[in-house]
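I have placed the structure first, in the form of structure tokens, so that the comments after it can refer back to it.
Nothing in this text is a laboratory measurement; each read-out follows from the coordinates by a stated rule. Owing to the predicted nature of the structure, the values given are computational and were not obtained by experimental measurement. We place every Cβ from the backbone using ideal geometry, glycine too, and count neighbours over all the protein chains shown.
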Amino acid sequence: MNIFSAIDLAKSKNLDLIQVTEKVDPPVCRIGDYGKYLYSLQKKERKIKVKTKVSKLKEIQIGFNISPHDIEVKAKQAEKFLKEGDKVKIGMMLKGREKAMGEFAKKKIEFFFQTLNNLLPIKTERELKREPKGFTMIISKA
């Protein structure tokens, strides 16, 4: 349809000529209320925004002398975070003479990792890393 006749038709009905897409030749237009069109676009954007979830980094601290049962409790907490779509940072702070027993601390963190892996499949975002204050590791849902 000719653009001028389309504009005249829209004005005769007290409506607007709305360009739907300009990517094609000739551009696709429709006759309607421009305010309602903008409102429907905003409504779609809000609906998309509600559905998207921003993943956060949650942290779980494990003590050097933690018992196996406490590791299971912390693993269940980490499982809850992972099911919500968040990443989990596992940290073990080492103080004083504990810093000399790094292998024992690694075994504790690996036991935590295995316990959590039994609950749900996970992948490591950042491998177990030694830092001045202890060990850290970042995991996410597989």
Tell me, what HN-Hα J-couplings in whole Hz come from the Karplus equation 6.51 cos²θ - 1.76 cosθ + 1.60 at θ = phi - 60° for each residue of region 16-27, using x for Gly and Pro? 10, 9, 9, 7, 7, 8, 10, 6, 9, 10, x, x
Give, as a single signed number, the net charge of other residues whose beta carbon lies under 14 Å from the beta carbon of V54, with Lys and Arg counted +1 and Asp and Glu -1. +4
Need the full-extension length gain, K80 to R126, defined as separation in residues times 0.36 nm minus the C-alpha distance. One decimal, nm. 14.6 nm
What is the fewest-to-most order of T124, T21 by other Cβ atoms lying within 10 Å of their Cβ? T21, T124
Pairs to check: K44/K76; K36/K56; K56/K95; K13/K49. Give those whose C-alpha atoms are more than 31 Å from each other in this structure. K44/K76; K36/K56; K13/K49
For the chain, calculated [θ]222 nm from helices alone, where every DSSP H run of n ≥ 4 adds -39500 (n - 2.57): -14500 deg cm²/dmol
Take the alpha carbon atoms of region 33-72, find their center, do the same for region 87-132, and report the distance between the two centers in whole angstrom. 26 Å
Show me, for region 126-142, the HN-Hα J-couplings you get by feeding each phi into the Karplus relation (A = 6.51, B = -1.76, C = 1.60, θ = phi - 60°), rounded to Hz, glycine and proline as x. 9, 4, 4, 10, 7, 10, x, 8, x, 10, 9, 7, 10, 10, 9, 6, 6
Grab the alpha carbons of the chain, take their convex hull, and tell me the volume per residue in Å³. 162 Å³
3J(HN,Hα) from dihedral phi, region 70-80, Karplus parametrisation 6.51/-1.76/1.60, rounded to Hz, x for glycine, proline: 5, 5, 5, 5, 5, 5, 5, 5, 5, 4, 4
For the chain, modelled as a Gaussian network with Cα springs under 10 Å, which listed residue fluctuates most, L120, L41, L128? L41
